[in-house]
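The values are calculated or read from the model by the stated rules, or taken from the named source; none is laboratory data. In this text the structure is predicted, and so the values were computed from the model without any measurement. Please note: Cβ atoms are built from the backbone with ideal geometry, for glycine as well, and neighbour counts cover all protein chains shown.
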Amino acid sequence: MQRVVDAPSTITGLVLAGGQGSRMSGLDKGLVTLANRPLITHVLERLAPQVDSIMISANRNTETYRDFGHPVVTDTLHDYAGPLAGILSGLARCATPWLVTAPCDCPFLPHDFVARLAAALDSEDTIAVAFACGELQPVFALIPTRLQASLAKFLASDGRKITRWFEQHQMRSVDFALDADAFANVNTIEELAAAEGRLRACD
């Protein structure tokens, strides 16, 4: 199969940190400390070598997020529309043909995450999505920037479910079954403690 994506030079990374942290008492998850560093720094370190550049999607503490050295994009929609709103803002600011997304609470993101998504693509209109833990992981996706207008239209019609938008396009699921733990989000204080233990075990 002919290679569609030249990784990493044609791919921008977008770390999604615009959530409301409802399962963590409203805390800004990206800034919660993990191993004495903000959680998002673990994600940035894993993703940065795999892409040309990185943006951060955030809707609060934006100045703090800018201190990490990457552009910060905020949602352009007034009502909270979930991750798709952040992805739309990322697509609008993306200077490369492809945008890859990952949430700010996945400190064990695979080092070959982007390459494996890119290898699954067979056209310039295809979305590649990680599959792990027996289901799609829709916030871990490689998306053509040219689909910005499609996403804007979907959101304008009150669409909110990521997979429903994906289904409007060609989609390839990429099996990460052997790396399933890498897609375990840190959503609660208990999960944060478990991630601390895992990091200590890796030292």
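Whenever a residue of region 59-72 is on the phi < 0 side of the Ramachandran plot, its partners that are aromatic (Phe, Trp, Tyr) and surrounded by 14 or more Cβ atoms within 10 Å (Cβ to Cβ), lying with C-beta atoms within less than 7 angstrom and at least six residues away or across chains, give the pairs Val72/Tyr65. Just one of (1) under 22 Å from Thr12 (Cβ atoms); (2) touching a helix residue (DSSP H, G or I) at 6+ places or on another chain (Cβ under 9 Å); (3) assigned to a helix (DSSP H, G or I); (4) of a type outside the set (Ser, Thr, Tyr) fails for Ile143. It is (3).
Of all residues in region 127-144, exactly one satisfies the criterion of being surrounded by fewer than 19 Cβ atoms within 10 Å (Cβ to Cβ) and farther than 12 Å from Ser173 by Cβ, namely Cys133. For beta carbons closer than 8 Å, sequence separation of 6+ or different chains, a first residue in region 1-30 that is in a loop (DSSP other than H, G, I, E, B) and a second that is surrounded by 14 or more Cβ atoms within 10 Å (Cβ to Cβ) and modelled with pLDDT under 85, the qualifying pairs are Gly26/Gln20; Leu27/Gly21; Asp28/Gly21. Look at region 73-88: where a residue is in a helix (DSSP H, G or I) and a partner is among the aromatic types (Phe, Trp, Tyr), sitting 6+ places away or on another chain with Cβ atoms under 7 Å, you get Leu84/Trp165.
Of all residues in region 78-115 being among the charged types (D, E, K, R) and either out of contact with any strand residue (DSSP E or B) (no Cβ under 6 Å at 6 or more places or on another chain) or more than 19 Å from Thr145 (Cα to Cα) (or both), which is modelled with the highest pLDDT?
The extreme case among them is Asp112.
Could you please find all residues in region 89-101 being among the small types (Gly, Ala, Ser), in contact (Cβ under 8 Å) with a residue 60 or more places away in the chain and surrounded by fewer than 18 Cβ atoms within 10 Å (Cβ to Cβ)?
First pass over region 89-101, keeping only residues among the small types (Gly, Ala, Ser): 89-90, 92, 95.
Next cut, in contact (Cβ under 8 Å) with a residue 60 or more places away in the chain only: 90, 95.
If the condition is that a residue be among the small types (Gly, Ala, Ser), in contact (Cβ under 8 Å) with a residue 60 or more places away in the chain and surrounded by fewer than 18 Cβ atoms within 10 Å (Cβ to Cβ), then Ala95 is the only one that fits.
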